[in-house]
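Just so you know, all these numbers are worked out from the coordinates, no wet-lab data involved. Everything numeric in this text was worked out from a predicted model, so none of it was measured. Using ideal geometry, Cβ is built from the backbone for each residue, glycine included, and neighbour counts are taken over all protein chains shown.
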Amino acid sequence: MGTKKPTREEAWALLNKYNQSDALLKHALAVEAVMAHFAEKFGEEDPEKWRIVGLIHDLDYEKYPEEHCSKTRELLAEAGWPEDYIRAVQSHGWKICSDVEPVEKMEKVLYTIDELTGLIVATALMRPSKSLLDLKAKSVKKKFKQKNFAAGVNRAVIEDGLQLLGMDLTEVITETIKGMQAVAEELDLKGNL
């Protein structure tokens, strides 16, 4: 098993090797930014690790959707990644496509915010500004309650994640928006502000 910590550059190169979809790459950038934000918020000693785990979390999704989370183990192990990174990535599919339960704080955050970033993007795109920069948690919460809005977003996962983190929805949405605002331009969500 790998012992050398992967760099952001290595993670990005590996992600691009297996993913060409613009939407998936933007999703990876959004999750990366949110993970970095939460690492900072919680005063974690290794925010770079959180960032990289967020970036690489859907590594196998485009090419191996039927093996999502399990194929990632194989790909990251081949690339010599450390076990704790691999486990963290696998845990974001808990109860869906993985039996690896999120236990570390980093894993719990990834599990909770992965689906939430999708809801936030969808909400931002519905706004006149088409921007993350003026988006408030209240708007996202309203859309969260509308089950037919962004119907692909698994709200049960978000709710499970909130339980794991011991945080409430408003706070997690607010912090997730803040994290995503840092990369609004890369996500094409600066809008017309």
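In region 4-58, the residue that is farthest from LEU116 (Cα to Cα) out of those that are in contact (Cβ under 8 Å) with a residue 60 or more places away in the chain and surrounded by fewer than 18 Cβ atoms within 10 Å (Cβ to Cβ) is LYS4. Looking across region 139-193 at every residue that is touching a residue at least 24 places away in the same chain (Cβ under 8 Å) and more than 19 Å from ASP114 (Cβ to Cβ), the one that is surrounded by the fewest Cβ atoms within 10 Å (Cβ to Cβ) is identified as ASN192.
Rundown of residues vs (1) polar (S, T, N, Q); (2) over 20 Å from ALA28 (Cα atoms), yes/no style:
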{"position": "THR123", "(1), (2)": "yes, no"}
{"position": "ASP134", "(1), (2)": "no, yes"}
{"position": "ALA137", "(1), (2)": "no, yes"}
{"position": "LYS143", "(1), (2)": "no, yes"}
{"position": "VAL153", "(1), (2)": "no, no"}
{"position": "LEU164", "(1), (2)": "no, yes"}
{"position": "LEU169", "(1), (2)": "no, yes"}
{"position": "LYS178", "(1), (2)": "no, no"}
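From the list PHE144, PHE149, the lone residue that is aromatic (Phe, Trp, Tyr) and outside any helix (DSSP H, G or I) is PHE149. Within region 79-86, not a single residue is under 18 Å from the mean Cα position of the chain (by Cα) and outside any helix (DSSP H, G or I). Return yes or no: is THR117 polar (S, T, N, Q), within 21 Å of GLY54 (Cβ to Cβ), touching a residue at least 40 places away in the same chain (Cβ under 8 Å) and not in a loop (DSSP other than H, G, I, E, B)? Yes.
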